[in-house]
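One structure is given here, and the rest of the page talks about it.
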């Protein structure tokens, strides 16, 4: 099965869900929007964009946005060319379910999840009590969406959504997101300088798009603001739980599991040909309302199980396109690193770092520099 990123890149593009061997750890943080952004994600002069903003303002006022809000929101913003580039290239990224789960429920993510749950136990228990959504599932969503708050994104949401609305490929959709974001500002939930997120406008600890924020975000702390950007994740975690509850969450029901491990009555799916089958429940479908991907829902469910104390997934996946199993790929990464061609980890996921290490080894040894893994290469390295 090939898993493509959806429009907002939830859990892959927006939050740095990348393999340690596939691209390194994300450097995104909750720093101010002016800090740490690459040049293509900084405002760039564009007369056509400026004209579009002028034409947009009457439409925004007709939607109930005040002139004062518009002036404050667009101060210092502008066209972000890198947003358009990322939007047009996002469907090129694919992973197998095996690779996705290796990253989504990596030991690092599991251990950080258990620590985050322990650190915020009282809040998560209170959220579970109010919304009747499993605290492990809420924590897992937090882990996939922003690595437990470490990767919330620092791209200004008004610049990002207005750039994509102006670009026009999905103009009507992103104009709707822009107007929703302006309503959030007008409501006083966050200031323009703190309204940051992913390159496509997904915001805060739980990466809500603006229209989802409008519908589902809650003020759990009672301070009068639905602050999903704060260092305190309470509002964001409660908002994720409210989202699931209002989407039909069944209290006390599991998401599912490997076929035969959760009892009868489940729908059975096999997302990766030749891979494991999963029996899934209604709550699996509810998780997909958050991100409409079988892989994402399995990732959330499996990570939630691991956070709750379960062991790794006991399932066999088929060999990859190069005829290699996960154990083969891990062995390859370890051998390359041991010989001085660092893959930056050994998780069995063949990403850009591993391919770069393979190519460097191949060049150093007079081989065709393809960057492709193979059993012959593994045998050569092991010899």
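Taken together, the values in this text are just the output of simple stated rules run on the coordinates, not laboratory data. Since this is a predicted model, take the numbers as computed values, not measurements. Neighbour counts run over all protein chains shown; Cβ positions are idealised from the backbone, glycine included.
Highest mean first, what order results for 231-242, 305-316 on Cβ atoms within 10 Å? List each step's numbers first, then the result.
Values: 231-242: 24.5, 305-316: 15.3.
Packing proxy ranking, top to bottom: 231-242, 305-316.
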If each residue of separation counts as 0.36 nm, what is the full-extension length gain between residue 382 and residue 122 once their alpha-carbon separation is subtracted? 88.6 nm
Expected max-MSF residue from 351, 256, 222 in the GNM of the chain (alpha carbon, under 10 Å) is 222
Pop a pseudo-label 7 angstrom from the Cα along the beta-carbon direction at both residue 51 and residue 130 and give the gap in nm to one decimal. 4.8
Helix 107-119 sits off the longest principal axis of the Cα atoms of the chain, rounded to the nearest 10 on a 0 to 90 degree scale, by 40
Extension reserve of the residue 61-residue 108 stretch, reckoned as 0.36 nm per residue once the Cα distance is removed: 12.2 nm
With the crude spin-label approximation of a point 7 Å out along Cα→Cβ, what separation in nm comes out for residue 277 versus residue 44? 5.1
Would you work out the relative contact order for the chain, in percent, from Cα pairs under 8 angstrom that are 6 or more residues apart? 20
For helix 157-167, what angle does its Cα long axis make with the longest principal axis of the chain, in degrees from 0 to 90 and rounded to 10? 90
For the range 319-376, what does the alpha-carbon gyration tensor say about shape, rounded, prolate or oblate, given a ≥ b ≥ c as the root eigenvalues, a/c under 1.5 as rounded, and a/b over b/c as prolate? oblate
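Taking a ≥ b ≥ c as the square roots of the Cα gyration tensor eigenvalues, with a/c under 1.5 meaning rounded and otherwise prolate when a/b beats b/c, else oblate, which class fits the range 107-193? Could the numbers behind the result be given before it?
Details: a/c = 2.60, a/b = 2.00, b/c = 1.30.
Since a/c reaches 1.5 and a/b is larger than b/c, the shape of the range 107-193 is classed as prolate.
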Could you work out how far apart the two model spin labels at residue 374 and residue 215 are, taking each label as a point 7 Å from the Cα in the direction of the beta carbon, and quote it in nm? 5.0
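Calculate, in nm to one decimal, what residue 253 and residue 186 gain on full extension: separation in residues at 0.36 nm each, minus their alpha carbon distance. Can you show the working numbers first?
Details: separation 67, 0.36 × 67 = 24.12 nm, distance 3.87 nm.
So the chain would gain 20.3 nm between residue 253 and residue 186.
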Calculate how steeply helix 171-187 sits against the longest principal axis of the alpha-carbon atoms of the chain, using the helix alpha-carbon long axis, and give the answer as 0 to 90 degrees to the nearest 10. 60
May I ask you to derive the FRET efficiency for residue 334 and residue 285 from their Cβ-Cβ distance with R0 = 41 Å, giving the value to the nearest 0.05? 0.55
What residue among 229, 199, 52 has the largest mean-square fluctuation in a Gaussian network model of the chain, using Cα springs under 10 Å? 52
Inter-part gap, Cα centre of the range 211-260 to Cα centre of the range 158-172, in whole angstrom, is 27
